[in-house]
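Have a look at the structure below before the remarks.
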Amino acid sequence: MRPMYETSHDIANEKVVADALQNIGVEVYKLPVQYRLDWLLRRDGQPIGFAEVKARRCDLSTYPSVMISLSKVIHAKMLSETTGLPCHLILLYRDALAKLDFASEFTVGPGGRSDRNDPQDHDVCAYYPTERLTVISQNSN
């Protein structure tokens, strides 16, 4: 079984995102781990979608694409097809909070991270062009 890497810093970042979404009338409901995404999104108590939250240590314009595990994309697609609700990737950058619909076009290639010395972090990834992101809010540094 793979270790859980969620840290208190990750949880703090999720709170920042949850607060920003609440400011625009979106409530978040934390999902159990078996759903593979972080939240059910609701407005006025009604489900409006699902979300995976990622924090990046760079500005939104730093890279030409957003990389995420293809496995995460596959699970988002299955969840969306099953429920009829959209699944979003919500990204907290240093300078902005942005979102992307997992159903957007992407390319596939090798990727992952190398900072944890975990071979399971090397993956087949989906690459979404950064230009497809929708800015939810600007962050002040």
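Exposure check, 1.4 Å probe, all protein chains in place: L133 carries approximately 20 Å² of accessible surface.
Which value, in debye to the nearest 20, gives the size of the charge dipole of the stretch 26-79 about its Cα centre, when Lys and Arg are +1 and Asp and Glu are -1 at the Cβ?
Using Cβ point charges on Lys, Arg, Asp and Glu, the stretch 26-79 gives about 160 debye.
Surface composition of the chain: carbon plus sulfur atoms contribute 53% of the solvent-accessible area (1.4 Å probe, protein chains only, all chains present).
Straightening the chain between Q46 and T107 buys 18.7 nm, computed as 0.36 nm per residue apart minus the Cα-Cα spacing. Rolling a 1.4 Å probe over the heavy atoms of the protein chains gives the chain an accessible area of 62 Å² per residue. Paramagnetic label reach from A20 (point 7 Å along Cα→Cβ; backbone nitrogen cut-off under 14 Å): within the stretch 73-113, residues 89-100. Note on the chain: Kirkwood radius taken over Cα pairs, Stokes-Einstein applied at 4 °C and 1.567 mPa s, translational D equal to 83 µm² s⁻¹.
Taking label positions 7 Å along the Cα-Cβ direction at both H9 and T83, the computed distance is 2.9 nm, reported to one decimal. Here the relative contact order of the chain, from alpha carbon pairs under 8 Å that lie six or more residues apart, stands at 21 percent. Per-residue extension of 0.36 nm, minus the Cα-Cα distance of V33 and R57, leaves a gain of 6.2 nm for this segment.
Mind running the shape call on the stretch 3-44? Use the C-alpha gyration tensor, a ≥ b ≥ c as the square roots of the eigenvalues: rounded below 1.5 for a/c, prolate if a/b tops b/c, oblate otherwise.
Working: a/c = 4.38, a/b = 1.43, b/c = 3.07.
Note, shape of the stretch 3-44 comes out oblate.
The values are calculated or read from the model by the stated rules, or taken from the named source; none is laboratory data. This structure is a prediction, so every number in the text was calculated from the model and none was measured. FYI the Cβ positions are ideal-geometry reconstructions off the backbone, even for glycines, and counts take in every protein chain you see. The protein model used for the area step is the full one, side chains on, heavy atoms only, and it has no ligands, DNA or RNA in it. Shrake-Rupley method; radii C 1.70, N 1.55, O 1.52, S 1.80 Å.
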